[in-house]
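Trainee: Mind looking over this structure? Questions follow.
The values are calculated or read from the model by the stated rules, or taken from the named source; none is laboratory data. Only a predicted model underlies this, so the values are computations on that prediction, with no experimental measurement involved. Positions of Cβ are backbone-derived with ideal geometry, glycine not excepted, and every protein chain shown enters the neighbour counts. The protein model used for the area step is the full one, side chains on, heavy atoms only, and it has no ligands, DNA or RNA in it. Shrake-Rupley method; radii C 1.70, N 1.55, O 1.52, S 1.80 Å.
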Amino acid sequence: MKAFPERAAGASASLRKYDLMRISSVPLGSLPGASALFSAYVSRSPAAARFYRHDPFSEEGRRAAAQEALSGGAPREQVVEALRRLNGGSPALEKLALPGTVAVVTGQQAGLFGGPAYTLYKALTAVRVAGQLEAMGFPAVAVFWMATEDHDLDEVSVAHVFDTRIRPVRLEAGADGHQGKPIGTVPIARPPLDGLASALDGFLHSGDVLRLAETAYQPGRTFGEAFHALLGSLLGRLGVIFVDPLQPELRRLAAPLLARAWQQRGWLGEALAARRRELEKAGFHAQVEVSDGGGLFFVLEDGVRRRSSLAAREPDPESLSPNALLRPVMQDWLLPTALYVGGPAEIAYFAQAAVLYPPLLGRMPAILPRAGFTLADGRTRRLMERYGITLADCMRGEEALVETLAARLAPASLEAAFDETGAGVTRLLDRLRAELEGFDPSLASALDLSRAKILYQLAKIRRKAERAALRRQSDAEQQARHAFRLVTPERRLQERYYSFLPFLARYGLRLVDDLLAAVDPLCPAHEILAP
């Protein structure tokens, strides 16, 4: 095991020392739940690449996307002025004001306590890519688009952390009575800060993390305000610019694009239907179901986000709110986006959204997968290294992981004896069945039932022997259960389940810089790391 080598160009001197150790890497296309389209795209398959405009993995593709990003869109100076409300006098905002600066954009819903850990990984990927564009000669800034228009309160109002014994803890911010409203406008009357403090109690750096959380999640702040305050405290020093699409000034600047899209909704719906047929013909599927062009829109009325078909009247362009396919086009109308950093589902969205870009904007960014990490503590690292436990082993479930470990603890000679016995029994039974088939087929069928019982009993004895080997290693089973809770809680990837806060509480705020140094956008993979 070794520390990461220095990564791609564009890293600052402050990124050259860090303590993360790589245990293993998993190709993004091999992750559980990865769609066929995403797997093909990250494998650079031409079958998937043809649905996108630029190759994000090549310098040539990035250069073309950066050059194209400087054309068209909303007036830059007005956008920058509108962003001052959220970003103040950020030096990165002053850079964005310059005509030749491009943006590397990412985004996420404004989830409780920052949402899942991959929210942070998205932002760090954008920062890293912006640095690489700078090294290529393109002034660039990282931008985080807060998806405050979304209205899935059930998703954003829950966060999961863990305590010092790696026991998952569910935290929830009640938001009753606000269903249907954009999450960025929903106040959090009682942030679950006491539950967070109780869960993090005992971690070395819990005090630092609780101060950040308490400052950000003040009672009465909205999900959007608190989310921005927390992420801003961690990422502002790295030059990340934040965007809240609910901001009235930005809605006015986006209105011309949305009005044009509304007027063309019939044609856009036909284009999306044709793209869906293309994707299906290529063996892929459409990520977002849109029956017609009207499905591209929601309407904000009386503080509630409704589908356009349910609007009480012809919508004013400033009241239009885009769906998941139209939103990135609006985003790139407002920003000179050279690259967008997204997760698997978002990248699949863009294969459909690509047909909206030419008529509405005339350009499209390169689409890059975000970095992915699983952070393993020392106990889990030793288990993985000693017994060859993989992420796939953990994903099969807690009891399955224990059984896998038991099998690897059994003596090699015993495992070989079971293999030989099973093969020998199977061979003899096959020979006997062939004789019975010619003598009396009914007896051959009866033997099939007996075969299943014989092999079942043999497998049962084998499991008992492996369990006996596990018992001789007194703490091995607990290590396996510990690893499951940390690495794949509820059989989900760690980054999709836990907030990043318990990791910062355990390892310190410098973990942000260590993770930034570990991002390698040109060779994306899911990295299993040990801080």
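Trainee: Across the chain, how many lysine pairs, 8 or more positions apart or on different chains, have C-alpha atoms separated by under 28 Å? Please give the number.
Mentor: Count of close lysine pairs: 7.
Trainee: Amide H of Arg305: which non-local residues (sequence gap of 5 or more, or other chain) have their own amide H closer than 5 Å, using H built in the peptide plane?
Mentor: Excluding prolines and chain starts, which carry no amide H, the hits are Lys181.
Trainee: Another one. Using amide H atoms built 1.01 Å from N in the peptide plane, name the residues 5+ places from Tyr498, or on other chains, whose amide H lies under 5 Å from its own.
Mentor: Result for Tyr498 returns Ala117.
Trainee: Then there's this: Which FRET efficiency, nearest 0.05, do Arg85 and Gln478 yield, Cβ-Cβ r, R0 45 Å?
Mentor: 0.30
Trainee: Modelling each spin label as a point 7 Å along the Cα-to-Cβ direction, I'd like the Val288/Arg431 distance in nm, to one decimal.
Mentor: Inter-label distance under the simple model: 6.5 nm.
Trainee: Carbon-plus-sulfur fraction of the accessible area of the chain, 1.4 Å probe, in percent?
Mentor: With neighbouring chains kept in place, the figure for the chain is 52 percent.
Trainee: Let me know the longest stretch in the chain that avoids all trypsin sites (Lys or Arg not before Pro) found in a DSSP loop with at most 16 other C-beta atoms within 10 Å.
Mentor: 166-312
Trainee: Please turn the phi angles of segment 283-298 into ³J(HN,Hα) values with the Karplus equation 6.51 cos²θ - 1.76 cosθ + 1.60 (θ = phi - 60°), one per residue in order, whole Hz, x for glycine and proline.
Mentor: x, 10, 9, 7, 6, 10, 7, 10, 7, 7, x, x, x, 6, 10, 10
Trainee: What does the helix-only formula give at 222 nm for the chain: each DSSP H stretch with n ≥ 4 adding -39500 (n - 2.57), the total divided by the residues, and the result rounded to the nearest 500 deg cm²/dmol?
Mentor: Theoretical 222 nm ellipticity from helices: -15000 deg cm²/dmol.
Trainee: Right, another one. Could you tell me the distance between the Cα centroids of segment 257-291 and segment 126-170, to the nearest Å?
Mentor: Comparing the Cα centres of segment 257-291 and segment 126-170, I get a distance of 28 Å.
Trainee: How much area per residue is accessible in the chain when the probe is 1.4 Å and only protein heavy atoms are counted (Å²)?
Mentor: So the chain comes to 42 Å² accessible per residue, rounded to a whole number.
Trainee: Measuring from label point to label point, each 7 Å out along Cα→Cβ, what is the Met136 to Ala400 span in nm?
Mentor: In this crude label model, Met136 to Ala400 measures out at 4.0 nm.
Trainee: Measure nothing fancy, just the Cα-based angle from helix 378-387's long axis to the longest principal axis of the chain, in degrees from 0 to 90, nearest 10.
Mentor: In the chain, helix 378-387 runs at an angle near 50 degrees to the longest axis.
Trainee: Next up: Which entry in (1) 28.1; (2) 29.5; (3) 34.7 matches mean projected area of the Cα convex hull in nm² derived from the coordinates of this structure?
Mentor: Read-out from the structure maps to (2).
Trainee: Another one. Considering amide H positions built from the backbone, and no H for Pro or chain starts, which residues 5 or more places from Ile367, or on another chain, come under 5 Å of its amide H?
Mentor: Excluding prolines and chain starts, which carry no amide H, the hits are His54, Tyr340.
Trainee: Ala392 to Arg44: FRET efficiency via 1/(1 + (r/R0)^6), r the Cβ-Cβ distance, R0 25 Å, to the nearest 0.05?
Mentor: Given R0 = 25 Å and the Cβ-Cβ separation, E is 0.65.
Trainee: If you line up the long axis of helix 118-135 against the longest principal axis of the chain, both from Cα atoms, how many degrees apart are they, to the nearest 10?
Mentor: Roughly 60 degrees between the two axes.
Trainee: Where does the longest stretch of the chain lie that holds no GluC sites (Glu not before Pro) found in a DSSP loop with 16 or fewer other Cβ atoms within 10 Å?
Mentor: 7-288
Trainee: Let me ask you something else. Does segment 226-290 come out rounded, prolate or oblate by the C-alpha gyration tensor, with a ≥ b ≥ c the root eigenvalues, rounded set by a/c under 1.5 and, if not, prolate when a/b is larger than b/c and oblate if not?
Mentor: Oblate.
Trainee: Right, here's the next one. Could you give the nm distance between label points at Arg307 and Ser450, where each point is 7 Å from its Cα heading toward the beta carbon?
Mentor: My value for the distance between the label points is 6.2 nm.
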